[in-house]
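J.: For reference, the structure I am asking about is given below.
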C-alpha cells in the first residue's frame, strides 16, 4: 500500500479521534440546554453545509488539493472548541456551517487523491483505508471521551476533542505534493448521476442515513436507557466494525462485486434496525450498532469502488462531489426526521423500524443493479 494512503488514513484517524467522536455526545449534551430538534439542527447544519462546500469546491477547482486539505483540517479543531466556549445558539450554528464547508474540502481532496494513487483493482480497498482511519479513530475516541465525561464532566469532552484533532496536523507534514490535476473539470450533471448510474446516489443516501441514526436516535436511546457514560461502550461496536469493514468491505466489494456487496450491506443494516425496533436493551442496541456499522462502512466504499470503475480521472471528481452531496443530505435528513419522529411517537424504536424497512427495500432493489 502506498505511503500517501497510509498518511491520509492516519490524518483522518486523528480528526475522528477528536471532533468526529464528539458528534456522538453532542445531541445528548445540547439537549440539556435546547429542545432535541434544536440540538439536532446544530449537527444537521454541519451536514447541510457540506453541500455548500461541494459547490465551493466546484467554483474553486483551480486551488491545489493539498491546500484544500489543510484548510479542511481547521473545522475539525474550531467546531468542538466553539462548543466548549459558548452556549450561544447563533454562534453554534455559524461554527456548524464552517465545519461543514471545511470538512468537504478535506474529504473531496482526500478521496480523489486516494483514487488517483490507486490501481483499478484497489479502488475499493484504498478508499476504504481512509474510512478505516475515521472508523478506528471514532472507536477509540468515543471510549476516551466517555472516560473524560465520567471523570471531568460533559464540557471537557469538547476541549479534549479539540486537542486530539490538532494532532492531525502532524502526519500531514509528511505528505508530498499532490500529483492530481487541480484544473480538472467538474461536470454538474455528474453531481446527480454518480458513476453513470442514478441509483448510486440513492444508495449512498440510504447508506449514510444510518450514520445520522447512530448519532441521534441510538446515542439518545443509550443515554436515556443506560446513561450517558455508556454511549462510548455501546457505540464502540459500531465504530470498530465500521473501521474493519471500511477496509475489508472494500476487499469484499473488489472480490464479490458491487451489486452483491450492496445487497449484503443493506440486508445487514435492516436486520440490526428491525431487531432494535422489537426489543430495546443493552444487547440489542449493541447488535444494532454492529450490523448497522457493517452497512454504513461497506456502502460508501462499495460506491467509491463503483465510481473508480465507471469514471476516468477526468470525471472522477464530479462523482466524488456528488457522493458528498448525497451523504450530507442523508445525514441532515436523518438527524432531523428521527428527532421529529421521536417527538411525535415518543419512541426510538419507531425510528429504527422505519429505517429498517427502507434498508430492506434497498437490499432488494440493489439485487437488480447493472
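J.: Quick check on packing: order 292-301, 103-112 by the mean number of other C-beta atoms within 10 Å, highest mean leading. All intermediate terms of the calculation are to be shown ahead of the outcome.
T.: Numbers: 292-301: 29.7, 103-112: 25.2.
Per-residue mean Cβ counts within 10 Å order the peptides as 292-301, 103-112.
J.: Cα atoms only: what Rg and Dmax, in Å, come out for segment 1-53?
T.: Cα-based Rg and Dmax for segment 1-53 come out at 15.0, 47 Å.
J.: Under a crude label model (7 Å from the Cα following the beta-carbon direction), how far is residue 368 from residue 281 in nanometres?
T.: 4.0 nm
J.: Would you mind pulling out the separation of the Cα centroids of segment 240-282 and segment 23-90, in Å?
T.: 27 Å
J.: If you average the sequence gap of Cα pairs under 8 Å that are 6 or more apart and divide by the length of segment 7-120, what percent do you get for the contact order?
T.: Values: 105 pairs, mean separation 38.7, N = 114.
That works out to 34 percent.
J.: Using the reciprocal of the averaged 1/r over all distinct C-alpha pairs, how large is the Kirkwood radius of segment 1-155 in Å?
T.: The answer is 16.3 Å.
J.: If I stretch the segment between residue 167 and residue 62 completely, what's the gain in nm (0.36 nm per residue apart, minus their alpha carbon distance), one decimal?
T.: Gain in length upon complete extension: 35.0 nm.
J.: For the residue pair residue 38 and residue 361, what label-to-label distance in nm results when each label sits 7 Å from Cα along the Cα-to-beta-carbon direction?
T.: A separation of 3.4 nm, rounded to one decimal place.
J.: Sort 86-94, 30-38 by the packing proxy (mean of other Cβ within 10 Å over each peptide's residues), most packed first.
T.: 30-38, 86-94
J.: Could I ask something else about it? Mind running the shape call on segment 325-370? Use the C-alpha gyration tensor, a ≥ b ≥ c as the square roots of the eigenvalues: rounded below 1.5 for a/c, prolate if a/b tops b/c, oblate otherwise.
T.: In terms of gyration-tensor shape, oblate.
Computed from the coordinates by the stated procedures, all read-outs in this text should not be read as laboratory data. The structure presented is a predicted model; accordingly, all values stated were derived computationally and were not measured. So basically every Cβ, Gly included, is an ideal-geometry build from the backbone, and we count neighbours across all protein chains shown.
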